[in-house]
Amino acid sequence: MISFPNAKINLGLNVVERRSDGYHNIETVFYPVNLTDVLEIVPGKEAKTTLSCHGRAVDCPIEKNLVMKAYRALEAEFQLPPIDIHLIKHIPDGAGLGGGSSDAAFMFVMLNEMFMLGLSREELAVRATRVGADCPFFIYNHSMLGTGIGDILTPVRVQLAGLHLLLVKPDVSVPTKAAYAMIAPQPSAQSIVEILSQPVDTWNERLKNDFEPGVFAQYPLLCKIKQTIYEAGALYCSMSGSGSSIFGIFDSANMAEEVAKNFVHYDHYVIAL
């Protein structure tokens, strides 16, 4: 069985408050984009489950990979037999794109189908939360308002059909813990959903990512990339998540491709929305 776990971007990200458990409550809209990894599972050839990773380097032990954590979660509950897992990474890590979370969520869905576990999407999402806060979004995989730590999801309609995304990932990695340490949480002045209900070209200065001021001060290159994309005619531009990818939304693929020429030394992608 094979699937193609996709990335996401954050449309707005407000860090609302610090919780007593050390986590933070946020408000954001997760939006899926067509940049994908490849995930395959087949019956195991040996007595234990294996995971082989290809493409981009995955810098963590096998048992700490979120794909393996997803398997272990269902293995413990349903006594699953061994399988062989093959993961080809295309989505950059440390980019605010949710690649690892997506891989884990797709693993939950695939295991549910392969072994006919009979779990609903809601039941899968509950289990996915235990692996990572972003994982439940990818179980549903359509635009969602995320609150709580990002695990409380409400469907929301976002009109981006016909537009194009330029996604730029420089050789910069922003540790999530460090990004949160730069923020003074506060309630958002305006609902993200209200802002998103208006035309895209009205989002500038209204739809904000609270991580940007601190992260941009620490990594000026990211601020420069955002300025370049805006100056080249983007309808809207933002950092995704806690970084370090920057995305711009354009009227046309041609315009996005032209702007992408500024970033030939970085990972960059033009994606239809």
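Two decimals is fine: what is log10 I(q)/I(0) at q = 0.12 Å⁻¹ for the chain, from a Debye sum with one equal scatterer on every Cα and no solvent? Taken in order of the listed q values, log10 I(q)/I(0) reads -0.74.
Among the trypsin sites (Lys or Arg not before Pro) found in the range 70-170, those both in a DSSP coil and sparsely packed, with 15 or fewer other Cβ atoms within 10 Å of their Cβ, are R130, R157. Rg of the Cα atoms in the range 135-273, relative to 2.2 N^0.38 Å, amounts to 1.05.
So what's the net charge close to I88: Lys and Arg +1, Asp and Glu -1, counting the other residues with Cβ under 15 Å from its Cβ?
-3
Treating each Cα of the range 136-204 as one equal point scatterer and applying the Debye formula with no solvent, the log10 of I(q)/I(0) at q = 0.12, 0.17, 0.19 Å⁻¹ comes out as -0.49, -1.02, -1.22. Our summary gives the chain a relative contact order of 23 percent, counting only alpha carbon pairs under 8 angstrom and 6 or more residues apart. Annotation for the range 158-223 versus the range 40-60: alpha-carbon center distance of 34 Å.
Please quote Rg/Rh for the range 31-146 to two decimal places, taking the Kirkwood radius as Rh and restricting both calculations to Cα atoms.
0.94
For the range 29-70, count all C-alpha to C-alpha pairs, find those more than 16 Å apart, and express that count as a whole percent of the total. In whole percent, the long-distance tail amounts to 52. Accessible surface for the range 1-85, divided over its residues, is 49 Å² per residue with a 1.4 Å probe.
In cubic angstrom, how much convex hull volume per residue do the alpha carbon atoms of the range 55-208 span? Could you put the intermediate results ahead of the total?
Numbers: hull volume 24.6 nm³, N = 154.
Roughly 160 Å³ of hull volume per residue.
If you average the sequence gap of Cα pairs under 8 Å that are 6 or more apart and divide by the length of the range 15-103, what percent do you get for the contact order? Can you show the working numbers first?
On the way: 107 pairs, mean separation 32.7, N = 89.
After rounding, I find 37 percent.
Backbone amide hydrogens, once placed in the peptide plane, bring I83 within less than 5 Å of G44, T49, T50, excluding anything fewer than 5 places away on its chain.
For trypsin sites (Lys or Arg not before Pro), the sites in the range 8-37 that DSSP calls loop and that have at most 12 other Cβ atoms within 10 Å are R19. Taking every alpha-carbon pair in the range 110-152 and binning the separations at 5 Å intervals from zero gives 5, 23, 31, 24, 9, 6, 1 percent. Just the protein heavy atoms count here, and of the accessible area of the range 86-159 at 1.4 Å, carbon and sulfur take up 54 percent.
Restricting to Cα atoms and excluding each atom paired with itself, what does the Kirkwood estimate give for the range 98-188 in Å? Don't jump to the answer; show the numbers that get you there.
On the way: mean 1/r = 0.0650 Å⁻¹.
Computed over the range 98-188, the radius equals 15.4 Å.
GNM on the chain, alpha-carbon springs under 10 angstrom: the most fluctuating residue among G241, G96, G22 is G22.
Could you work out the helix-only [θ] at 222 nm for the chain, with each DSSP H run of four or more residues adding -39,500 (n - 2.57) and the total divided by the number of residues, to the nearest 500 deg cm²/dmol?
Numbers: 9 runs with 82 residues, N = 273.
The helix-only estimate for the chain comes to -8500 deg cm²/dmol at 222 nm.
The values are calculated or read from the model by the stated rules, or taken from the named source; none is laboratory data. Since the model is a prediction, treat every value here as computed from it, not as a measurement. All Cβ positions, glycine included, derive from the backbone under ideal geometry; neighbour counts span all protein chains shown. Calculation scope for accessible area: heavy atoms of the full protein, side chains included, ligands and nucleic acids excluded. Shrake-Rupley method; radii C 1.70, N 1.55, O 1.52, S 1.80 Å.
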